[in-house]
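Each remark here refers to the structure printed beneath this line.
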Amino acid sequence: MRTKINIAPLLIISGIIAISWYSIKKVPSLKEAYKKDFLIGTALNAAQIEEENPIANELIKQQFNAITPENIMKAEIIHPKWDTYNFELADKLVNYGKKYNIQINAHTLIWHSQLPYFMHTIKDADSVKQYFVNHINTIASRYDGKILSWDVVNEALNEDGTLRNSIFLQKLGTDYIVEAFRLAQKAAPHTELYYNDYNIEEPRKRKGAIELIKKIQAAGVRIDGVGIQGHWKAYNIPLKDIEESIEQFSALGIKIMFTELDLSVLPNPWDGNVADVNKHEENNNAAMNPYSTGLPDSMQNKLTKGYEDLFKLFLKHKTQINRVTFWGVNDGQSWLNDWPIKGRTNYPLVFDRQFNPKPAFYNIINLKK
Ligand code: 9MR
C-alpha cells in the first residue's frame, strides 16, 4: 500500500521562506551604505554559523561585512580540557567568512569569564602560566592569516580603571596583559590585535584603558586597536564620553572599533551600563518587563533617535573608526532578553524578531542619503 504524504505543510513553510526572502531582498544594505566609512558587523551564534535559518543567513550576507563569534571561540568552548581543543565551530566560522567574503574578528583569547572547568581547579601559578601560553599559541597561530583580528584581552579593568582581580592577575601579576599581546603578536603576526572592554568610554575606566595601552606600547609590543563594546541604554547614551574616547584613544595611534553595540530599552536594576555577565538579578516582575507584548512608540522613538545620534557621531569620526558591530542579528537573539534578569523581552537591535528592519535601521541608512 502506498503511503500518502501530505505536502501542504511543506508548501506553506516554503511559501513563508520565499516571501521573507523576497522582502529581505528589497531592504537596503547597511554594509553597502557604509562601505566607504567603516565595516558593519554582527555577532553570530552557533546556529547562524551553521546556516540553520535561511532567512537569518540571507540577512547576514546582505547586511554585514564583519562577524564576531558571540560564544564559540570563548575558552570554555574552544579549549574545554587541558589538552583538548574543539575547533569545529571556529573552523566553520572561518569557512563562512571565506564563502561570503566577510571579515572575522575572533573573540576572545584571554578573559576571566567563561573559562573551562579545569581552570577553576588549578591553584598553582605555573599551571596558569602554562595554560595561558598554550592557549594563546595554539589558537592564535591556527587562525593567523585566516581572520582579520583578535580581541586578545577582554574586560581586564574594573570600573575605577584598576586591574580586575582575575585569576590571571592573581597568578601572573600585573604584566600579564602585555605578555598576552606579546604571545599573540608572535603567534599571529598577520592578525590585528585589540583590547576590548565595556564602559571604557566612561572617564575613570577610560583612563585605566589608556594607561594599559600605553604600557603595551612602551614594552615595544604591538596593539592595533581598542574595542569599545557599546552596551548602552537607548534612553541614556553617553555621547560626550564616547566622543572624548574616540579622540583620546585615536591619539594613541590605534584603531577604534565599536564591538558589541546594542541599546537596551528595559529598566536596569543597577545604575551604570555594566555588562558583567557574572552579575544577575533574580527578582522578576511586570514592572521590570514592561514591553512583553510590544514596544510602545515612545520607546521605539528613543531607540531610533539613540541609534541615529550614535551613527551621526560615528560618521563624524569615521576616519578613526574601523568597524561598528551589533551584538546579534535580531532582537530575539540578544543576550539582553536574559540579562540581568532572565526571560524578559528586549528590543536592542535594528532588526526585529521576524528579521524586519526597524525604524532605527532606516534612520541609520538615511544618514547616508
Ligand atoms: O552574548 C553573549 C552571551 O550569549 C553569553 O551567554 C555571555 C557569556 O559568555 O557572553 C555574552 O557576550 C558577552 C561578550 O562575550 C563580552 N562582553 C559582554 C557580552 C554580553 O554579556
- For the range 156-205, enumerate the residues that are among the hydroxyl-bearing types (S, T, Y), touching a residue at least 40 places away in the same chain (Cβ under 8 Å), more than 16 Å from the ligand (Cβ to nearest atom) and closer than 18 Å to K215 by Cα. T162, Y176
- Note on the structure: Among the residues of the range 296-355, the number that are within 16 Å of the ligand (Cβ to nearest atom) and on the phi > 0 side of the Ramachandran plot is 2
- Note on the structure: Residue hits (the range 226-246; under 14 Å from I200 (Cβ atoms) and either away from the ligand (no atom under 16 Å from the Cβ) or of a type in the set (A, V, I, L, M, F, W, C) (or both)) are V226, I228, W232, P238, D241, I242, E243, E244, S245, I246
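Here is a yes/no grid of residues against (1) among the β-branched types (V, I, T); (2) surrounded by fewer than 19 Cβ atoms within 10 Å (Cβ to Cβ); (3) outside any helix (DSSP H, G or I):
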residue	(1), (2), (3)
G227	no, no, yes
I242	yes, no, no
I246	yes, no, no
F249	no, no, no
T259	yes, no, yes
L263	no, no, yes
N268	no, yes, yes
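FYI, it's all coordinate maths here, none of it is from the lab. Only a predicted model underlies this, so the values are computations on that prediction, with no experimental measurement involved. Ideal geometry is used to build each Cβ from the backbone, glycine not excepted, and the neighbour counts take in all protein chains shown.
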